[in-house]
Protein chains: 2
Amino acid sequence: MSSPHKTIIKCITAICDKKIFILNFLLLFSFLLHAEDGYDLWLRYKPVSDAAVLAAYKQKITAVQLNGNSPTLQVIKEELSMALPGLLKTAIPFASDIKNGSILIGTPSASSIIRSLGLDAKLNSAGEEGYLILSKTINGRSSIVITGNSDKGVLYGVFAFLRLLQTQQSIQSLDITSAPLIKLRLLNHWDNLNRTVERGYAGFSIWNWHTLPGYIDQRYKDYARANASIGINGSVLTNVNANATVLSATYLEKVAALANAFRPYGIKVYLTARFSAPVELGRLRTADPLNDTVQQWWKDKVKEIYTLIPDFGGFLVKANSEGQPGPQNYGRTHADGANMLADAVAPYKGIVMWRAFVYSNEVPDDRHKQAFNEFVPLDGKFRPNVMVQVKNGAIDFQPREPFHPLFGAMPKTPLMMEFQVTQEYLGQGTSMAYLAPYFKECLESDTYSNGKGSTVAKIIDGSTQNYSMTGMAGVANIGNDINWCGHPFAQANWYSLGRLAWNHELSSDQIADEWLRMTFTNDKQFVTTVKSMMMASREIMANYMTPIGLHHIMGTGHHYGPAPWVKLARADWSPVYYHKADSAGIGFNRTATGSNAIGQYFPGARTQWENPATADERYLLWFHHLPWTWKMRDGRTLWDELCYKYNSGVDSVRWMQKAWNVQQSKIDNQRFQQVKMLLAIQQDEAVWWRNACLLYFQTFSKMKIPDQYEKPNKSLEYYMQLRFQFAPGN
Amino acid sequence: MSSPHKTIIKCITAICDKKIFILNFLLLFSFLLHAEDGYDLWLRYKPVSDAAVLAAYKQKITAVQLNGNSPTLQVIKEELSMALPGLLKTAIPFASDIKNGSILIGTPSASSIIRSLGLDAKLNSAGEEGYLILSKTINGRSSIVITGNSDKGVLYGVFAFLRLLQTQQSIQSLDITSAPLIKLRLLNHWDNLNRTVERGYAGFSIWNWHTLPGYIDQRYKDYARANASIGINGSVLTNVNANATVLSATYLEKVAALANAFRPYGIKVYLTARFSAPVELGRLRTADPLNDTVQQWWKDKVKEIYTLIPDFGGFLVKANSEGQPGPQNYGRTHADGANMLADAVAPYKGIVMWRAFVYSNEVPDDRHKQAFNEFVPLDGKFRPNVMVQVKNGAIDFQPREPFHPLFGAMPKTPLMMEFQVTQEYLGQGTSMAYLAPYFKECLESDTYSNGKGSTVAKIIDGSTQNYSMTGMAGVANIGNDINWCGHPFAQANWYSLGRLAWNHELSSDQIADEWLRMTFTNDKQFVTTVKSMMMASREIMANYMTPIGLHHIMGTGHHYGPAPWVKLARADWSPVYYHKADSAGIGFNRTATGSNAIGQYFPGARTQWENPATADERYLLWFHHLPWTWKMRDGRTLWDELCYKYNSGVDSVRWMQKAWNVQQSKIDNQRFQQVKMLLAIQQDEAVWWRNACLLYFQTFSKMKIPDQYEKPNKSLEYYMQLRFQFAPGN
């Protein structure tokens, strides 16, 4: 080549280099200015970092053909307009013609091309909400089809497709059919009308009732987007400890405004119904469910609701529990109460979710047994549009808890799962506890209700007992903190709830993998290390809080920190009721020689816990009161095992700190520092738990903390005088 | 030119064009993904939009020479690292040598070059906190010097320089000397330890006490940055309705963590002191300020505070007002109480701010008069480190209120101003009310205390009465909403407070201009139109809420919406006490024939209000009870004038809506929509105010609403039955 030409080429190269430099600089800069504050959750749509993968995507994605113009298609368009340029660093046009790299999106009824692809069998298995993502050659053009039987299914398919890109999966040859295993996939918000959140650790309620209906906060839409991206299709807006005011005309207008904001994202709204609302709002003298006037009041109220919100989902009810009013106030049963509401909503295809979390201090029996005792006799007595919502365990969302004995015990009544996403008993807002393994532990438990393999998952997905309706709800961990969930890793629990409600067969590992890649980075070393932290995190917490089956020894009311010494007037709110430590030993005897709560389980399930010598030791003190010198299978005494577990928990938090500290270069500084500070707090809390519990239990065991362990640096008296007047979520 | 050369040049051009396209696309895209959620306030640092101005800036700013390495210099570096690339679209290096376009930053003591520039006289007039921004030729290089006598002054100078760039001012020939006219420029947070905020309309407290001291929220730093950028140098963290718990050891550690986060930004922390803390925390039997044990308790507590926070600012106290404990509980005076605390903090150079907002329901006199009556006799009896903090008016932050008669009446006691930035009585979280004109109206009022020209501004800046300390505080409107202040335009009031505390001679117009350019855009048409909305907004609100001197007719407790009909057991909390409407007329006679509150003003001030025939009609009903047929100077009857004003207010809100709607293309969609929705709510509220007030007052006037006005479409009974159980800030 001649010299002038070389010069010109050098010149071009220099210009290009400079531009590329500026381009990269600007990209970097845009990230700098807009710190990673966590608001974007797992929908960050950052550029695909692997150059080969990016190149492959760019070849496969050159244009989008959208079919249909419903509000849901509109939100699909908005999402793709944000996501594709973000991921691919280039504009992807919406176009009506088909080229190589077209993404065809829509239902078969909206697109004759999709209709012509012979997808009937696949579409049939996708059901009403499922989706297909398929590589297809159309008119000789290599295309990708995202379809489903409803726009909602298509929306889920689009989010699934984006998830593939976000996690840098191959899209060379796609043949995906996905349908949810559970129909109702709900968040329960324990949000009060004054915006406090019961058991909320991420600020206050995102529902700003005062400015509704006129002001539609951007958060409402981003909340709906995030939920749709993980398949959640319903939201119970208000606390189960309900306030009737939300059923007043003024508030129903506000609820309708939220319903309108959520509708394009396939999310229905539900409300909690305060059972005494006819008295409080309607000025009736009674709320007796068999009273005609009461029934009419509810029918009128429901009509009013459906006039404003034609697709209103229905009611969630906590009745006759912890002081809430209910049918028993009038000598009626839970079924009487539920059926009255069910009859009111039935003409509109609404449902009633009646909570099984009921217990009374007046019943002298083991609280563990009360829900079973009250509900099993009612099996078959509920209307078809009633579901009974059952917590994962019989006590209350403990760090480890055996599955609830109601699962499998009510074959004629659709039972739905209530998980707690918010970490009331699992470190609240300051600890890392990845809950997918917790949820899975319950889902995979075998009830033996219909022989071996009758897992809880198969109860609630209806496959064992052929329920007409199926559901899974999670008590939300969402607040008005900028990052929604307070702890950056708490977002993973919201994510997990949605993913497992869609498909409970997903592994915890896979869910963590997806979430980390989308939320932080696809960097392999980061994903591997941090995933190992997540996978261990809940077990670590069980170790330093409530090892070997201990439970409910948290601080009174707020449940923050250890307080095993507390004895309240109400026995079944008292830690001493649950651990029963004395000079003879520790643990709650729930076998036949004790409360016999174990008798509520099917024999096949019982065997894993019944004999202390062979029992799963993770549940040992849940079911047995054992001497301090009881020999564990590792050879340690029970006391030494307690010392070992508490110390192991503390050590593991320190391991998490070290594992995190080496990630600094992998992610943004803001979230790195956040998690670092929170892990330091968690370390302090783990030490506090260990010290307080061992010092307290030592007053009974009179045994020594083995030499190899760190000694408590504060006294039991110190821990006992701690007070947390303003602990959140109380 | 030969053809091949042309082709090559075309090719280069094409490459460039494409790159520039991508570049612009990415910039645009980075804005799209990161919506304008308002978190960045007026510190957005978007690229300078005027090409000529940008080119001039790039010539004048090529490098930064930072002198010094204090934490404050570090935050200067961080700020410039965000700001300059953002504004100038190019990286600006930090360099030690000087070239054309160097910005030299630092104190004279940190830089021998700056020391050599002969700036002594200018530096002298800049004082401890002021700054200089000067164009200088140094070693033949055209440079800009930003300096001051302290790093804090330099920080203020840097923010002032960035403001020039953000508002696209010329920096060709800079010769700026600026020093604050007022020493203490504070925010008062009425934030409770449970994170509710009294009179807060932007969510809940940004202080997350539960996670302090371990977790330092990014918000704390961004709060400090924002304050430093407008010259605010102190923050009272807690509500004047105080909780003693914040003085406990546990909470003081949390306070210290905030103080550490704020210190590099020149911001001191202050606390509210609950007067009965020695009883509540110290378990003493008394909080009598003359009791030795009580005095010692405070001395010990103060020592504890200063051990943790060596630069702690001092205490703000609300005592013997609205049920708060105080020295009068023990038969002592406000001076006794203030002096006891002042003696405790004096060794550490702390101060006490004692609020004059005191009144008692047991005093049968006009509430307007009580602060004056209690405090004037104490003039000269306070320690030198006590300031008395006085609200702008004698009642309570009303939409329009005459200046407080205490201003000018306590020549021996430094009085500081208390403005309310949060809009308790000015539309709360849903209305646009730009408050700089409100603040200025008070500051420019002439007290005549030392002859004509003794304005309130000259009282509080110490120039009239030679105060040893000067201060201005604003009750903050900050909450944990993503955009800090709820209403996007409420940010302007935080901004105005800081700017006016620094320099009360700035015009409202200039402050609005700066704020709009930095917060939204430099687009001329936008700035002109929206500034006219801002400038009119408070007067509009006074018209539809409390025209012609009406006041305190808001809803009980929450002060949301109109409730002129309310009569409470406590007279001076009752609207009827303030408007005194009856068949004879309306208004509060505060002249010599009435309560004679007017007698507390100096004669020169009095004349503007004393004679109803000549009085400033904006205050007419504040001082006079006048017949419904009273002739206004425009010829209308008083009743017709009320109808006119209320309707004019509503019409003006509709004008604001129209003026806003044409701005859609000028700014981001998120904030455009937010303001649009809020203006629609404001329109509804204006109609509500007009209808409710006119219908109610009509029951006394028995006069007709003139035909030309819109008629109320709801009944008085409808408005009277409205209830707002969960109104915020209550």
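Numbers below:
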{"read-out": "Label-zone membership for segment B:701-730, site B:K567, 7 angstrom Cα→C-beta point, backbone N under 20 Å", "value": "B:701-703, B:716-722"}
{"read-out": "Under 5 Å, built H, 5+ apart or other chain: amide partners of A:I138", "value": "A:S143"}
{"read-out": "Whichever aspartates and glutamates have a C-alpha closer than 15 Å to that of A:K46, once near sequence neighbours (fewer than 8 apart) are set aside", "value": "A:E36, A:D37, A:E79, A:E514, A:D523, A:D668"}
{"read-out": "Projected area, mean over directions - segment B:122-165, Cα convex hull, nm²", "value": "3.2 nm²"}
{"read-out": "Average beta carbon contacts from partner chains per residue of B:35-43, 10 Å cutoff", "value": "2"}
{"read-out": "Shielding score for B:319-329, defined as the mean number of other chain Cβ atoms within 10 Å", "value": "0"}
{"read-out": "Segment A:623-677 shape via C-alpha gyration tensor axes, a/c threshold 1.5", "value": "prolate"}
{"read-out": "Amide proton proximity set for B:L104, modelled H, under 5 Å, gap of 5+", "value": "B:Q65, B:I144, B:V145, B:I146"}
{"read-out": "Accessible-area ranking of B:S150, A:S116, largest first, probe 1.4 Å", "value": "A:S116, B:S150"}
{"read-out": "Whether segment A:117-201 is rounded, prolate or oblate, judged on the alpha carbon gyration tensor where a/c under 1.5 counts as rounded", "value": "prolate"}
{"read-out": "Hull volume in cubic angstrom per residue (convex hull over the Cα atoms of the protein assembly as shown)", "value": "218 Å³"}
{"read-out": "Karplus (6.51, -1.76, 1.60) ³J(HN,Hα), θ = phi - 60°, over segment A:69-76, in Hz, Gly and Pro reported as x", "value": "9, 6, x, 5, 5, 4, 6, 4"}
{"read-out": "List B:E374, B:E362, A:E685, ordered by accessible area with a 1.4 Å probe, largest first", "value": "B:E362, B:E374, A:E685"}
{"read-out": "Angstrom value of the Kirkwood radius, inverse mean 1/r, which spans all Cα pairs in segment A:66-126", "value": "13.0 Å"}
{"read-out": "B:A51 versus B:A613: modelled label distance in nm, points set 7 Å from Cα along the beta carbon direction", "value": "6.7 nm"}
{"read-out": "Other-copy label distances relative to B:D582, 7 angstrom Cα-Cβ extension, nm", "value": "7.6"}
{"read-out": "Label distances, nm, A:Q169 versus same residue in remaining copies, Cβ-directed 7 Å point", "value": "5.6"}
{"read-out": "Inter-part distance where segment A:112-178 and segment A:212-247 are each reduced to a Cα centre, Å", "value": "29 Å"}
{"read-out": "Evaluated over chain B, the Cα radius of gyration and Dmax, each in Å", "value": "27.5, 102"}
{"read-out": "Cβ neighbours within 10 Å from other chains - mean over A:478-486", "value": "3"}
{"read-out": "Global form of segment A:641-730, assessed from the alpha-carbon gyration tensor, a/c cut-off 1.5", "value": "oblate"}
{"read-out": "Per-selection Kirkwood Rh - segment B:296-343 (Cα, Å, 1 d.p.)", "value": "11.9 Å"}
{"read-out": "At least 50 Å² accessible surface lost relative to isolated chain, residues of segment A:176-214 (1.4 Å probe)", "value": "A:F204, A:H210"}
{"read-out": "Anchor A:K631: lysines whose Cα lies under 26 Å away (excluding residues fewer than 8 positions away in-chain)", "value": "A:K580, A:K645, A:K702, A:K704, A:K711"}
{"read-out": "Label point 7 Å beyond Cα of B:D365 along Cβ direction - residues of segment B:383-407 with amide nitrogen under 14 Å", "value": "B:405-406"}
{"read-out": "FRET efficiency estimate (nearest 0.05) - Cβ-Cβ, B:D668 to A:R141, R0 25 angstrom", "value": "0.10"}
{"read-out": "Sequence-distant residues sharing a close amide H with B:G314 (under 5 Å, placed H)", "value": "B:L271, B:I351"}
{"read-out": "DSSP beta bridge pairing in chain B, given as percent antiparallel to the nearest 5", "value": "30 percent"}
{"read-out": "Magnitude of the charge dipole, the protein assembly as shown, Cβ model with Lys/Arg +1 and Asp/Glu -1, debye to 20", "value": "2560 debye"}
{"read-out": "Pairwise Cα inverse-distance average, inverted: Kirkwood Rh of segment A:383-500 (Å)", "value": "14.7 Å"}
{"read-out": "Exam field: B:V363 pseudo-label spacings to other copies (7 Å along Cα-Cβ), nanometres", "value": "6.1"}
{"read-out": "Residue-by-residue Karplus 3J(HN,Hα) for segment A:463-468, coefficients 6.51, -1.76, 1.60, Hz, glycine and proline x", "value": "6, 7, 10, 6, 5, 6"}
{"read-out": "With every protein chain in place, segment A:34-182: carbon and sulfur % of accessible area (1.4 Å)", "value": "46 percent"}
{"read-out": "Residue-averaged 222 nm ellipticity for chain B, from DSSP H runs of 4+ at -39500 (n - 2.57), nearest 500", "value": "-12500 deg cm²/dmol"}
{"read-out": "Straight-distance crosslink candidates among lysines, where the alpha carbon sits under 28 Å from A:K452 and sequence neighbours closer than 8 are dropped", "value": "A:K183, A:K369, A:K381, A:K391, A:K412, A:K440"}
{"read-out": "Protein heavy-atom accessible area occluded, B/A pair - total, 1.4 Å probe, Å²", "value": "5000 Å²"}
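The values are calculated or read from the model by the stated rules, or taken from the named source; none is laboratory data. Only a predicted model underlies this, so the values are computations on that prediction, with no experimental measurement involved. As a convention, Cβ positions derive from the backbone with ideal geometry for all residues, glycine included, and neighbour counts pool all protein chains shown. Each accessible area value is taken on the protein alone, full model and side chains, heavy atoms only, with ligands, DNA and RNA left out. Shrake-Rupley method; radii C 1.70, N 1.55, O 1.52, S 1.80 Å.
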